[in-house]
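The values are calculated or read from the model by the stated rules, or taken from the named source; none is laboratory data. As the structure is a computational prediction, the values presented were derived from the model and not from experiment. Here the Cβ is made from the backbone with ideal geometry for all residues, glycine too, and neighbour counts use every protein chain on show.
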Amino acid sequence: MLPGGWRPAPGASNEKRNILNTNDMSAIQSTLLELPLPSPEPRPRLVDVPEAVPGVYEEITRLREALSHSTNHRIVTARELIRSRDHVRVERLATTVEPLDRLLGGGLTKGKLVEITARRSTGRFSLVLASLAAVTSTGDAAAVIDLGDHLDPESAAHAGADLSRLLWVRPESTRDAVVAAEMVIATGFPLVVLDLGLRFRGRRVYDAAWVRLARAAEEHDAALLVTSPFPVSGTAADSLVAMDESRPKWQGRGRTPRILVGLTSRMTVEKQRGAAPGGRGEMGVSSSNSIKGVWNAEC
């Protein structure tokens, strides 16, 4: 048996069965090359519905008229279904960090996975605190899966977070963090933050786990924010924002002693589904722990 549970056809010869059951990749490749390739099927021509089936709209109209009012609205054509999805209202949760909200089109999209990648001392967790404060201050609940053990309740309260509406989970491994995030999403939290810290603990999770996590967020209409030192969610992410290393901001000129008043970090949209990447914004964290930023639409 090959990896992935693949078995040779029942009618295959014993010689080919023995070759396919070995771990010799060269033998497997040579055997697969000998197998006949299926003939390519002609690509179907896309035609309009009236051309493919004459009178289809008239038949659908008659069918709707024959059914009751509570049932006929459930019958839709594929074209009507596509149009209805194009007009679906997108709900976003603002993070109150203006550069990030502008880059994401207004905030964290509910039902989507947004990933922010950044190294140490870039203000990444400050974005987490701002997002938690923005949601809990309006009366909604939020959850943070804190694998890096970065959350300080006093700092979160100082940032404006309502601790009575905040669930704090402290897993011990990356796998436990992903499992915990999926369980929390299923309970109905509007915002779930998964912070992976500065390094992975335990084994890395498979890409399928991130796809499953993104589908759970979509099913339960939850905004999922993943923060990590490097990209991990792959194709499951709806948006990917990368933060550069922070730069110090000094106050003072000439011979007067300079005072460190904050840090600045540039954010770049590496991926955004449905839009062109490349937007940039600059975020600054002052010494008073307040976040300010300037957004630039650069490509």
*Assess whether Ser126 counts as being within 26 Å of Thr268 (Cα to Cα), among the hydroxyl-bearing types (Ser, Thr, Tyr) and at pLDDT below 90.*
yes
*With a cut-off of at least 1 residues that are within 14 Å of the chain's Cα centre (by Cα), name the helices (runs of 4 or more DSSP H) lying wholly within the range 116-226.*
174-186, 207-219
*Hits in the range 199-224 (condition: in contact (Cβ under 8 Å) with a residue 60 or more places away in the chain, out of contact with any helix residue (DSSP H, G or I) (no Cβ under 7 Å at 6 or more places or on another chain) and surrounded by 14 or more Cβ atoms within 10 Å (Cβ to Cβ))*: Glu218, Ala223
*Out of the residues in the range 147-188 that are touching a Pro at 6+ places or on another chain (Cβ under 8 Å) and under 22 Å from Arg119 (Cβ atoms), which is surrounded by the fewest Cβ atoms within 10 Å (Cβ to Cβ)?*
Ala177
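Of these, Thr268, Thr235, Thr256, which one is loosely packed, with under 12 Cβ neighbours inside 10 Å, at pLDDT 80 or above and polar (S, T, N, Q)? First the steps, then the outcome.
On the way: Thr268 fails: loosely packed, with under 12 Cβ neighbours inside 10 Å; Thr256 fails: at pLDDT 80 or above.
From the options Thr268, Thr235, Thr256, the qualifying one is Thr235.
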_Kindly evaluate Thr268 against the criterion of being without any contact (Cβ under 8 Å) to a residue 24 or more places away in the chain and outside the structural domain of Ile116 (by TED's automatic domain parsing)._
no
